[in-house]
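Worksheet: one structure, shown below.
FYI, it's all coordinate maths here, none of it is from the lab. Everything numeric in this text was worked out from a predicted model, so none of it was measured. Ideal geometry is used to build each Cβ from the backbone, glycine not excepted, and the neighbour counts take in all protein chains shown.
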Amino acid sequence: MILDAQPDITVVAEVPDGVAAVAAAREFRPHVVLMDVRMPRMDGIEATRQVCAQTDSRVVMLTTFDHDEYVYDALQAGAGGFLLKDVRRDDLVHAVRVVAAGEALLAPSVTRRLITRMVAARPQGEDGSGDGTGAGKAPDARLGVLTERERETLLLLARGLSNAQIAAEMVISEHTVKTHVGNVLAKLGLRDRVHAVICAYETGLVVPES
């Protein structure tokens, strides 16, 4: 009801379980699938994996559970967003629009824990440098391929800003922001904005708050 009430959003299907979700995604080819984690017959993680493999639909995971493994598994399965069910309705609508536009989004309440966990578990660099904290020479050297503006873009990405917010912060156009984001992902070999955020913490560009 919340989504269907939006003038720019049309709900094309509602389904009761993961198997039906995959079938509906194949049939209707929606821009965005709002997926629950726990469902009958097939859980949301596997359903997301199949939807992302079989269609061009982007998936937003919505759940009451904010355990780290669900977030990690959802991202590995290809999800472009992860929100908790206590999210405000305006934020839910915003998340669907953001993911539909090709950006990635995580609930603020789970982002810090996810990043902290992944940074803590980070192995040494391939050349043996680094101590798992993001302070080694190899991770820092990765940022050397970025221009000053691209580095600033990565920093703002790590703060969770959207393209529009980054554009306002840097006083540039959204088109230029998209170019900078694309360059950051390409130069650092990253899959999406979420991994860009993780990279910013890994390399020490941003330090997790205690």
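Points to keep in mind about this one:
- Highest mean packing comes first when the peptides 83-92, 191-200 are listed by Cβ atoms within 10 Å, giving 191-200, 83-92.
- Each peptide in 72-81, 163-172 gets a packing score, the mean of other Cβ atoms within 10 Å over its residues, and the list from highest to lowest is 72-81, 163-172.
- Packing-based order for 38-46, 177-185, using average beta carbon neighbours within 10 Å, highest first: 177-185, 38-46
- Rg to Rh quotient for the range 1-81, alpha carbon positions, Kirkwood Rh: 0.95
- When the square roots of the Cα gyration tensor eigenvalues are ordered a ≥ b ≥ c, the ratio a/c for the range 42-101 is 1.5 or more and a/b does not exceed b/c, which makes its shape oblate.
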